[in-house]
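Please treat every number below as a calculation from the coordinates, not as lab data. What you see is a predicted model; the values in this text were computed from it and never measured. Note that each Cβ is placed from the backbone with ideal geometry, even for glycine, and that neighbours are counted across all protein chains shown.
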Amino acid sequence: MNNSYRRDNELPYIATKEVLQEQLKAKKAFREYNEVMPFDLKRGRELIAESGIRHGAEIYLEPPFYCEYGNHIKVGDYFYANTGCIISDVGEVVIGDHVLFGPRVNILTAGHPIHPVSSNSGYEYGMPITIGNNVWLGGNVTVCPGVTIGNNVVIGAGSVVTKDIPDNVVAVGNPCHVLRKITEADKPYYFKNRKFDDEAWEAIQNRK
């Protein structure tokens, strides 16, 4: 059983030269991407395709952006990652539609055993991360291996997400926990107790 198979099936594996070689395509693509963007959008789109990232319509990654394999990442429509995003895609990363990442978000599927004997053996692992639709991760959020974040979720800035987060909530903290539900009463507000002005509210109401 080779280490690439072990890695892709959530088994402990050793990062051999062959495994590391698989990363070079994405690393090369994003080294160039981080140099040419945002000045050459056409080349930027080509490089995302070359990296192996699978995505829907309207994806934008503010440079610098970093990932390990690329082809372990699947993104839906209308995805935006602000500057400094790191996706450690040893395990599969699935991201839904209409997802926003603040600056310096870390999506970390990789990990190591906690006991020193096990850790020093060279074995590591990758556990999948799933992020639903209509999710906003604030700046400096870290999502840890094996976590699922539901639909219609806001994760507060600086949070460390170590466990699954359900649908329709605001969650914050280290470790991240549910602060409250998101309800229809939240719709007219854009920041705390500040309501949308009439022009903005009309545009929201008229959206199809």
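Structure above, values below:
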item	result
Of all residues making up the stretch 1-40, the number that are without any contact (Cβ under 8 Å) to a residue 12 or more places away in the chain, under 18 Å from G126 (Cβ atoms) and in a loop (DSSP other than H, G, I, E, B)	2
Within the stretch 41-60, tally of residues that are surrounded by 13 or more Cβ atoms within 10 Å (Cβ to Cβ), among the acidic types (D, E) and part of a loop (DSSP other than H, G, I, E, B)	0
Residues satisfying the stated conditions in the stretch 69-86, i.e. crowded, with 22+ Cβ neighbours inside 10 Å and either out of contact with any strand residue (DSSP E or B) (no Cβ under 6 Å at 6 or more places or on another chain) or in a loop (DSSP other than H, G, I, E, B) (or both)	Y69, G70, H72
Qualifying residues in the stretch 177-208 (those that are under 25 Å from the mean Cα position of the chain (by Cα) and of a type in the set (S, T, Y)) - the one surrounded by the most Cβ atoms within 10 Å (Cβ to Cβ)	Y190
Matching option when the condition is surrounded by 14 or more Cβ atoms within 10 Å (Cβ to Cβ), of a type in the set (S, T, N, Q) and either in a loop (DSSP other than H, G, I, E, B) or without any contact (Cβ under 8 Å) to a residue 12 or more places away in the chain (or both), among N174, N133	N133
